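Worksheet: the structure to be examined is printed underneath.
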Amino acid sequence: MNGTVTTSPPARRNWAHSCSPPAPLTAAARPGPPPPRLRRARRRDVSTTTELTAQERQVAALVRQGLSNRAAAAQLFVSPRTGDFHLRNIFGKLGVTSRAELTVLPLDL
């Protein structure tokens, strides 16, 4: 037939039955140092949760100067989403709901 050669697929082996799982390592047999313990995130002191962080103060100062969120973020070398995050935190901490309120608020930045 047209000179084509057909071959059958190679035989499959059942590797699950021919290989046994490796034996678990004991503490003495484990190579290298023990895995590092995961550190918990640092928690802020309750008395400072209403104070602006240094980054939030910088964002607030730029927004008060009239910069857009994108421009303020670019000037601080952070992503626009990070700048928005800081601005939301600023609004929550200072109890303002708009950029105009932030602008007229007397802040010592």
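The values are calculated or read from the model by the stated rules, or taken from the named source; none is laboratory data. This structure is a prediction, so every number in the text was calculated from the model and none was measured. A quick note on method: Cβ atoms are made from the backbone with ideal geometry, for glycine too, and the neighbour counts reach across all protein chains shown.
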Legend entry - Among residues of segment 66-89, those that are touching a residue at least 12 places away in the same chain (Cβ under 8 Å) and among the basic types (Lys, Arg), counted: 1
Legend entry - Residue list for segment 65-89, restricted to those being basic (Lys, Arg) and touching a helix residue (DSSP H, G or I) at 6+ places or on another chain (Cβ under 9 Å): ARG70, ARG81
Inset, instruction - Would you mention how many residues in segment 93-109 are out of contact with any Ser or Thr (no Cβ under 9 Å at 6 or more places or on another chain) and either aliphatic (A, V, I, L, M) or under 15 Å from GLY66 (Cα atoms) (or both)? - result: 11
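Name every residue in segment 77-109 that is assigned to a loop (DSSP other than H, G, I, E, B), within 20 Å of the chain's Cα centre (by Cα) and either among the hydrophobic types (A, V, I, L, M, F, W, C) or at pLDDT below 95 (or both), in order of residue number. Spell out how you get there, then give the answer.
We begin by selecting, within segment 77-109, every residue assigned to a loop (DSSP other than H, G, I, E, B); these are 77-79, 95-98, 105-109.
Okay, now just the ones that are also within 20 Å of the chain's Cα centre (by Cα), so 77-79.
Hits for segment 77-109 are PHE77, VAL78.
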